[in-house]
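Asks: This is the structure I want to talk about, given as structure tokens.
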Amino acid sequence: MAQQLVRDINKKAKELKELRWDYLTIKSDLMYDSKLTEVLPRANTMGLQELDMPPYKMTIKKKDYQRQD
């Protein structure tokens with residue numbers, strides 16, 4: 001029974017190692033595909049363009065936002 005347990009542990013360890021390799025491969029591919037140099041060409045084919053100016057924060061004053069009954 002102990003030998004069977006050791007075999008099961010070794011089998012699970014090997015499976016875990018393979019799953020970790022898969023995880024690292026997928027993570028690496030995702031990081032590469034999400035780089036700006038990879039995203040821009042695909043976005044251009046969809047008609048999207050990179051912004052020329054940085055984003056800005058819009059603020060609304062509370063008195064302008066209050067409800068009028």
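The values are calculated or read from the model by the stated rules, or taken from the named source; none is laboratory data. Values in this document were obtained by computation on a predicted structure and should not be read as measured data. Every residue, glycine among them, receives a Cβ derived from its backbone with ideal geometry; neighbour counts consider all protein chains shown.
Asks: Which residues, taken from segment 39-50, are part of a loop (DSSP other than H, G, I, E, B) and under 19 Å from the mean Cα position of the chain (by Cα)? If you could, list the steps in order and put the result at the bottom.
Replies: Filtering segment 39-50 for residues part of a loop (DSSP other than H, G, I, E, B) gives 46-50.
Those that are part of a loop (DSSP other than H, G, I, E, B) and under 19 Å from the mean Cα position of the chain (by Cα): none in segment 39-50.
Asks: Given the conditions (1) surrounded by 10 or more Cβ atoms within 10 Å (Cβ to Cβ); (2) over 21 Å from the mean Cα position of the chain (by Cα); (3) of a type in the set (A, V, I, L, M), and given that M53 satisfies all but one, which numbered condition is not satisfied?
Replies: Only one criterion is unmet by M53, namely (1).
Asks: On the given criteria, is L19 at pLDDT 95 or above and loosely packed, with under 10 Cβ neighbours inside 10 Å?
Replies: no
Asks: Quick check, is K14 loosely packed, with under 10 Cβ neighbours inside 10 Å, free of Cβ contacts under 8 Å to residues at least 60 places away in the same chain and assigned to a helix (DSSP H, G or I)?
Replies: Values: loosely packed, with under 10 Cβ neighbours inside 10 Å: no; free of Cβ contacts under 8 Å to residues at least 60 places away in the same chain: yes; assigned to a helix (DSSP H, G or I): yes.
The answer is no for K14.
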